[in-house]
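Worksheet: one structure, shown below.
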Amino acid sequence: MNATDLRPHLLSFARYPHLPETLALAGTIALAPHRRGPWRAPVAGLGRNELDGLLVTYFPAAEPLRPLLHVWREEAEAAARDGIDEFDDLVALLLAHQTTTAPDSRWLAHAIATASMADHHLWQDLGLPSRVELNALMHTRFTALKLNNAGDMKWKKFFYRQLCEQAEVLICKSPSCAACCDYDVCFGPETG
(Lines give C-alpha, C1' and ligand atoms only; values in the text may rest on other atoms or scores of the structure.)
Protein backbone atom coordinates (compact mmCIF):
# COMPACT_ATOMS: atom_id res chain seq x y z
CA MET A 1 0.00 0.00 0.00
CA ASN A 2 1.37 3.43 -0.86
CA ALA A 3 0.80 6.77 0.87
CA THR A 4 -1.84 7.87 -1.63
CA ASP A 5 -3.93 4.85 -0.70
CA LEU A 6 -3.26 5.08 3.03
CA ARG A 7 -5.11 8.32 3.84
CA PRO A 8 -8.55 7.13 2.64
CA HIS A 9 -7.92 3.81 4.42
CA LEU A 10 -7.13 5.58 7.67
CA LEU A 11 -10.17 7.80 7.34
CA SER A 12 -12.37 4.77 6.68
CA PHE A 13 -11.07 3.37 10.00
CA ALA A 14 -11.57 6.66 11.85
CA ARG A 15 -13.88 7.17 14.79
CA TYR A 16 -14.62 10.78 13.74
CA PRO A 17 -13.39 11.12 10.13
CA HIS A 18 -14.47 14.74 9.61
CA LEU A 19 -12.75 16.34 12.61
CA PRO A 20 -9.76 18.53 11.72
CA GLU A 21 -7.74 16.56 14.29
CA THR A 22 -8.50 13.26 12.54
CA LEU A 23 -7.80 14.72 9.10
CA ALA A 24 -4.46 16.17 10.27
CA LEU A 25 -3.32 12.94 11.92
CA ALA A 26 -4.38 10.83 8.92
CA GLY A 27 -2.62 13.20 6.54
CA THR A 28 0.58 13.34 8.58
CA ILE A 29 0.70 9.55 8.83
CA ALA A 30 -0.12 8.98 5.16
CA LEU A 31 2.42 11.53 3.91
CA ALA A 32 5.31 10.02 5.92
CA PRO A 33 6.98 8.41 2.87
CA HIS A 34 7.10 11.82 1.16
CA ARG A 35 9.16 13.42 3.94
CA ARG A 36 12.92 13.02 4.32
CA GLY A 37 15.10 11.48 7.00
CA PRO A 38 13.74 11.24 10.52
CA TRP A 39 10.57 13.06 9.46
CA ARG A 40 9.49 9.97 7.48
CA ALA A 41 8.03 8.62 10.73
CA PRO A 42 4.23 8.47 10.75
CA VAL A 43 4.42 11.02 13.59
CA ALA A 44 8.00 11.88 14.58
CA GLY A 45 8.88 11.69 18.25
CA LEU A 46 6.16 9.18 19.16
CA GLY A 47 7.30 5.76 20.30
CA ARG A 48 5.55 2.49 19.55
CA ASN A 49 3.13 2.73 22.48
CA GLU A 50 2.13 6.32 21.76
CA LEU A 51 1.62 5.57 18.07
CA ASP A 52 -0.55 2.60 19.06
CA GLY A 53 -2.52 4.83 21.44
CA LEU A 54 -3.07 7.36 18.66
CA LEU A 55 -4.28 4.62 16.31
CA VAL A 56 -6.64 3.08 18.88
CA THR A 57 -8.08 6.48 19.78
CA TYR A 58 -8.48 7.98 16.31
CA PHE A 59 -8.45 4.98 13.95
CA PRO A 60 -9.73 2.03 16.02
CA ALA A 61 -10.20 -0.34 13.07
CA ALA A 62 -6.71 0.31 11.67
CA GLU A 63 -5.11 -2.75 13.30
CA PRO A 64 -3.99 -4.17 9.91
CA LEU A 65 -1.95 -1.01 9.26
CA ARG A 66 0.07 -1.12 12.50
CA PRO A 67 2.94 -3.27 11.18
CA LEU A 68 3.48 -0.95 8.20
CA LEU A 69 3.42 2.17 10.38
CA HIS A 70 5.85 0.67 12.88
CA VAL A 71 8.25 -0.21 10.05
CA TRP A 72 8.10 3.41 8.88
CA ARG A 73 8.64 4.62 12.47
CA GLU A 74 11.67 2.36 12.99
CA GLU A 75 13.22 3.31 9.65
CA ALA A 76 12.78 7.01 10.42
CA GLU A 77 14.27 6.61 13.91
CA ALA A 78 17.39 5.12 12.31
CA ALA A 79 17.90 8.28 10.20
CA ALA A 80 20.21 10.93 11.63
CA ARG A 81 18.67 14.23 12.70
CA ASP A 82 20.27 17.49 11.69
CA GLY A 83 21.72 19.04 14.82
CA ILE A 84 20.05 22.37 14.11
CA ASP A 85 16.49 21.30 13.36
CA GLU A 86 13.75 23.05 15.32
CA PHE A 87 11.51 20.01 15.83
CA ASP A 88 11.83 19.78 19.62
CA ASP A 89 11.46 23.54 20.03
CA LEU A 90 8.34 23.52 17.88
CA VAL A 91 6.80 20.64 19.86
CA ALA A 92 7.54 22.56 23.08
CA LEU A 93 5.97 25.74 21.65
CA LEU A 94 2.81 23.87 20.70
CA LEU A 95 2.57 22.05 24.02
CA ALA A 96 3.07 25.32 25.91
CA HIS A 97 -0.03 26.61 24.11
CA GLN A 98 -2.22 23.49 24.13
CA THR A 99 -5.83 24.19 25.01
CA THR A 100 -6.21 20.91 26.92
CA THR A 101 -3.62 18.55 28.37
CA ALA A 102 -5.21 15.44 26.88
CA PRO A 103 -2.81 12.85 25.38
CA ASP A 104 -4.03 13.66 21.89
CA SER A 105 -2.80 17.24 22.28
CA ARG A 106 0.73 15.80 22.49
CA TRP A 107 0.08 13.63 19.42
CA LEU A 108 -1.22 16.65 17.51
CA ALA A 109 1.76 18.79 18.57
CA HIS A 110 4.09 16.10 17.26
CA ALA A 111 2.07 15.73 14.05
CA ILE A 112 2.15 19.49 13.40
CA ALA A 113 5.89 19.64 14.14
CA THR A 114 6.48 16.62 11.88
CA ALA A 115 4.54 18.23 9.04
CA SER A 116 6.40 21.50 9.63
CA MET A 117 9.65 19.74 8.69
CA ALA A 118 8.27 19.06 5.17
CA ASP A 119 8.44 21.34 2.15
CA HIS A 120 4.96 22.70 1.44
CA HIS A 121 2.42 24.87 3.22
CA LEU A 122 1.54 23.39 6.59
CA TRP A 123 -2.05 22.58 5.65
CA GLN A 124 -0.71 20.62 2.66
CA ASP A 125 1.94 18.82 4.72
CA LEU A 126 -0.79 17.83 7.19
CA GLY A 127 -2.86 16.46 4.30
CA LEU A 128 -5.72 18.88 5.03
CA PRO A 129 -8.12 19.98 2.29
CA SER A 130 -7.40 23.68 2.89
CA ARG A 131 -6.05 26.23 5.32
CA VAL A 132 -9.57 26.55 6.78
CA GLU A 133 -9.24 23.15 8.51
CA LEU A 134 -5.79 24.07 9.83
CA ASN A 135 -7.14 27.28 11.32
CA ALA A 136 -10.02 25.32 12.90
CA LEU A 137 -7.57 22.82 14.36
CA MET A 138 -5.35 25.57 15.75
CA HIS A 139 -8.35 27.41 17.20
CA THR A 140 -9.68 24.27 18.90
CA ARG A 141 -6.46 22.67 20.12
CA PHE A 142 -3.91 25.52 20.37
CA THR A 143 -6.21 28.48 20.97
CA ALA A 144 -3.59 30.86 22.40
CA LEU A 145 -1.37 30.44 19.33
CA LYS A 146 -4.35 30.97 17.03
CA LEU A 147 -5.23 34.16 18.89
CA ASN A 148 -1.59 35.32 18.76
CA ASN A 149 -1.66 34.86 14.99
CA ALA A 150 -4.13 37.73 14.69
CA GLY A 151 -2.74 38.80 11.31
CA ASP A 152 -3.37 35.30 9.87
CA MET A 153 0.30 34.83 8.99
CA LYS A 154 1.13 31.56 7.26
CA TRP A 155 1.52 28.99 10.04
CA LYS A 156 5.06 27.80 9.41
CA LYS A 157 6.25 31.37 9.20
CA PHE A 158 4.32 32.22 12.36
CA PHE A 159 5.77 29.27 14.30
CA TYR A 160 9.32 30.18 13.36
CA ARG A 161 8.73 33.81 14.21
CA GLN A 162 7.54 32.68 17.64
CA LEU A 163 10.63 30.49 18.09
CA CYS A 164 12.91 33.34 16.99
CA GLU A 165 11.25 35.74 19.42
CA GLN A 166 11.72 33.22 22.25
CA ALA A 167 15.39 32.88 21.33
CA GLU A 168 15.70 36.66 20.85
CA VAL A 169 16.87 36.21 17.26
CA LEU A 170 16.19 39.35 15.27
CA ILE A 171 16.39 37.90 11.74
CA CYS A 172 14.55 34.66 11.21
CA LYS A 173 13.84 32.60 8.09
CA SER A 174 11.23 29.86 7.88
CA PRO A 175 12.40 26.46 6.60
CA SER A 176 11.80 25.05 3.14
CA CYS A 177 10.60 28.31 1.68
CA ALA A 178 13.25 29.17 -0.90
CA ALA A 179 11.80 26.81 -3.52
CA CYS A 180 8.14 27.56 -2.78
CA CYS A 181 6.06 29.11 -5.56
CA ASP A 182 4.36 31.33 -2.94
CA TYR A 183 7.63 32.79 -1.60
CA ASP A 184 6.60 36.35 -2.51
CA VAL A 185 3.22 35.95 -0.79
CA CYS A 186 4.80 34.76 2.47
CA PHE A 187 7.78 37.10 2.47
CA GLY A 188 6.35 40.14 0.72
CA PRO A 189 5.20 43.28 2.49
CA GLU A 190 2.77 42.58 5.30
CA THR A 191 -0.28 44.75 5.86
CA GLY A 192 -2.72 44.98 8.76
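The values are calculated or read from the model by the stated rules, or taken from the named source; none is laboratory data. Everything quoted here is computed from the prediction, not taken from an experiment. Cβ atoms come from the backbone with ideal geometry, glycine included; neighbour counts cover every protein chain shown.
Restricting attention to the range 43-66, which residues are more than 19 Å from Leu95 (Cα to Cα), touching a residue at least 12 places away in the same chain (Cβ under 8 Å) and not hydroxyl-bearing (Ser, Thr, Tyr)?
Residues satisfying the conditions are Arg48, Asp52, Leu55, Phe59, Pro60, Ala61, Ala62, Leu65, Arg66.
Based on this model, can you work out whether Leu69 counts as in a helix (DSSP H, G or I), buried (at least 20 other Cβ atoms within 10 Å of the Cβ) and without any contact (Cβ under 8 Å) to a residue 60 or more places away in the chain?
yes
Being modelled with pLDDT of 95 or more and surrounded by fewer than 18 Cβ atoms within 10 Å (Cβ to Cβ) narrows it down to one of Gly53, Gly37, Gly27, so name that one.
Gly53
With at pLDDT below 95, farther than 17 Å from Tyr160 by Cβ and surrounded by fewer than 16 Cβ atoms within 10 Å (Cβ to Cβ) as the only criterion, which of Ala62, Ala76, Ala80 stands out?
Ala80
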